[in-house]
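The values are calculated or read from the model by the stated rules, or taken from the named source; none is laboratory data. The model shown is predicted, which means the values in this text are computed figures rather than measured ones. Cβ sites come from the backbone with ideal geometry, for glycine too, and all protein chains shown count toward neighbours. These area figures cover heavy atoms from the full protein model, side chains too; ligands, DNA and RNA do not enter into them. Shrake-Rupley method; radii C 1.70, N 1.55, O 1.52, S 1.80 Å.
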Amino acid sequence: PAGRSFVFSRVNYPSGDHPIDASGAEQAFLVGEILQRFPNVRATIHGHIDGMESETYTGPNPRGSMTLSQLRAHCVWQRLVYQGVPRSQIEMVGHANSDPVGSDDMAEGRQANRRVEIEITRK
């Protein structure tokens with residue numbers, strides 16, 4: 001339904017990195033199929049980091065001046081575009097660590113904070 005946000009629950013990012021693994025790629029593929037079936041919705045991909053990570057990405061495969069949270073969102077965006085979802089239907093935003101869902105005091109909380117969410121709205 002439009003107006004809802006969902007966490008890419010199968011994507012587990014290593015600290016300081018942004019590529020998604022095979023399980024995350026499968027989840028992105030399923031989201032892409034849904035978006036293609038419902039061209040009247042718009043998706044915003046929100047990337048997040050944990051409070052211990054630097055928003056400045058210094059690892060391999062940088063994308064210009066993108067931050068780590070933007071790169072996480074971009075990896076999902078890229079897969080959706082490659083799958084055939086129109087660029088006009090999706091956008092991406094990096095939020096740094098401005099919206100934590102877990103405690104950065106525990107490994108599980110930091111992992112939960114390193115996430116990508118997708119927000120579905122009507123066009």
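Per residue, the solvent-accessible area of the chain (1.4 Å probe, heavy atoms of protein chains only, all protein chains present) comes to 55 Å².
Rolling a 1.4 angstrom probe over the chain with all protein chains present gives an accessible area of which 52% lies on carbon and sulfur atoms.
With a 1.4 Å probe rolled over the protein heavy atoms of all chains, the accessible area of Arg115, Arg37 falls in the order Arg37, Arg115, largest first. Kirkwood Rh over alpha-carbon pairs of the stretch 1-53, then Stokes-Einstein at 10 °C and 1.306 mPa s: what D in µm² s⁻¹, rounded to an integer? The estimated diffusion coefficient comes to 125 µm²/s.
How much FRET efficiency would the formula 1/(1 + (r/R0)^6) give for Tyr82 and Ser15, where r is the Cβ-Cβ distance and R0 is 25 Å, rounded to 0.05?
0.45
Give, in nm to one decimal, the length gained when the segment between Glu108 and Asn61 is fully stretched (0.36 nm per residue of separation minus the Cα-Cα distance). Can you show the working numbers first?
Working: separation 47, 0.36 × 47 = 16.92 nm, distance 2.65 nm.
Computed gain between Glu108 and Asn61 is 14.3 nm.
Contact order for the chain, expressed relative to its length and based on alpha carbon pairs under 8 Å spaced 6+ residues apart, stands at 42 percent. Segment Phe6..Glu33, full-extension length gain: 8.2 nm, with 0.36 nm per residue of separation and the alpha-carbon distance subtracted.
Averaging Cα coordinates gives a centre for the stretch 16-41 and one for the stretch 68-123; these two points are 11 Å apart.
The listed residues Tyr57, Tyr82, Tyr13 rank as Tyr82, Tyr57, Tyr13 when sorted by accessible area, largest first, using a 1.4 Å probe. The GNM of the chain, with springs linking C-alpha atoms under 10 angstrom apart, assigns the highest mean-square fluctuation among Gly84, Gly32, Gly64 to Gly64. Per DSSP H run of at least 4 residues, take -39500 (n - 2.57); add these up for the chain, divide by its residues and hand me the 222 nm value, nearest 500 deg cm²/dmol. Only helices count here, giving -10000 deg cm²/dmol.
The solvent-accessible area of Met52, taken with every protein chain present and a 1.4 Å probe, is close to 130 Å².
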